[in-house]
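The values are calculated or read from the model by the stated rules, or taken from the named source; none is laboratory data. Because the structure is predicted, anything quoted here is derived from the model rather than measured. Don't worry about glycine lacking a Cβ; one is built from the backbone with ideal geometry, like all the others, and counts go over all protein chains shown. Just so you know, the surface numbers come from the protein's heavy atoms only, side chains and all, with ligands and any DNA or RNA stripped out. Shrake-Rupley method; radii C 1.70, N 1.55, O 1.52, S 1.80 Å.
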Amino acid sequence: MKKLIWQAVLPLAFSFAVVCVSCGGGSSNQPSPASSASSRNGTYMICYTSSNAHGVTVSAVFHVPPVDQVTMLEEPWAKDFRRYVGQSGDEGAISVTCTQVDPQNPDAALKEKIDAWRKQGISVAQVNWKYAGG
């Protein structure tokens, strides 16, 4: 009888633990040291396209305020940048990538990225687009 009860209770306890972890429950409300700076202050990002016809189009550096994990995965800034580039006339094969840049010197990080593309012979068009946050 005890074995039967444990077989019924163990999966239920495991599912509660998974739900608790996925909801952010835990013994500590403090973020990990690696994520504490970005979660408190947000992150600095750039987005860029890679189009078959025109090389790379890169945005300006923009700040994303602290957001939840779902928003970070959905990347609304990538969707907005793709829409912007599409409205600017480059609708063919738009693949948008957004990446975090060094928060200590985001403009220098953008310049390094552009210089690296140009050294590879890739045409780079820099636009003054920034994510407006909604």
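Things worth noting here:
- Test for Ile122: is it among the β-branched types (Val, Ile, Thr) and buried (at least 17 other Cβ atoms within 10 Å of the Cβ): no
- Some residue of the stretch 76-95 being open to solvent by less than 80 Å² (accessible area, probe 1.4 Å), modelled with pLDDT under 90 and either within 20 Å of Ala108 (Cβ to Cβ) or under 12 Å from the mean Cα position of the chain (by Cα) (or both): no
- Search result, residues across the stretch 107-134 that are out of contact with any helix residue (DSSP H, G or I) (no Cβ under 7 Å at 6 or more places or on another chain) and part of a loop (DSSP other than H, G, I, E, B): Gln120, Gly121, Ile122, Ser123, Val127, Asn128, Lys130, Ala132, Gly133, Gly134
- Selection of the stretch 96-114 for residues being open to solvent by 40 Å² or more (accessible area, probe 1.4 Å), within 12 Å of Val58 (Cα to Cα) and of a type outside the set (S, T, N, Q) yields Lys111, Lys113.
- Of all the listed residues (Pro65, Pro103), the sole one being in contact (Cβ under 8 Å) with a residue 60 or more places away in the chain, in contact with a strand residue (DSSP E or B) (Cβ under 8 Å, 6 or more places away or on another chain) and under 15 Å from Thr43 (Cβ atoms) is Pro103.
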